[in-house]
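The values are calculated or read from the model by the stated rules, or taken from the named source; none is laboratory data. Since this is a predicted model, take the numbers as computed values, not measurements. As a convention, Cβ positions derive from the backbone with ideal geometry for all residues, glycine included, and neighbour counts pool all protein chains shown.
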Amino acid sequence: MYVQMKKNILTMFLLCVILSLPDTWDYSLAGLCAICKESIGTIRTTLEELKKLGYVEIIKYLPNETDDGRLHYEYVIHERSITPDKLVMIWDK
């Protein structure tokens, strides 16, 4: 129970942090780690949880789809879940 509760609190915290950043913010795992003082693994897992809940979309661009020939990720953040079958508040698990 404690692990699940801690996970839900971190998920809510990360969503609040992301939503409080300016629209021009360049999201990266390293940047979120620096702000939240968490490991890359924890941030990655929490972003995946937010993705499952419909609050985050992660779009992956392959090297042939970018100007500089590198792998890029675009994070699309939603204030409300976009997954109709999962219109569950983060803490209602």
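Only residues that are closer than 11 Å to Ile77 by Cα and surrounded by fewer than 14 Cβ atoms within 10 Å (Cβ to Cβ): list them for the range 21-32, please.
Within the range 21-32, Asp23 is the sole residue that qualifies.
Condition first: at pLDDT 80 or above and within 12 Å of the chain's Cα centre (by Cα). Now tell me which residues in the range 1-30 satisfy that.
Leu10, Thr11, Met12, Phe13, Leu14, Leu15, Cys16, Val17, Ile18, Leu19, Ser28, Leu29
Can you find even one residue in the range 21-30 that is within 17 Å of Leu10 (Cα to Cα) and part of a helix (DSSP H, G or I)? Spell out how you get there, then give the answer.
If we filter the range 21-30 for residues that are within 17 Å of Leu10 (Cα to Cα), which is where we start, we get 21, 29-30.
The next check asks that each one be part of a helix (DSSP H, G or I); those that pass are 29-30.
Scanning the range 21-30 turns up at least one residue that is within 17 Å of Leu10 (Cα to Cα) and part of a helix (DSSP H, G or I).
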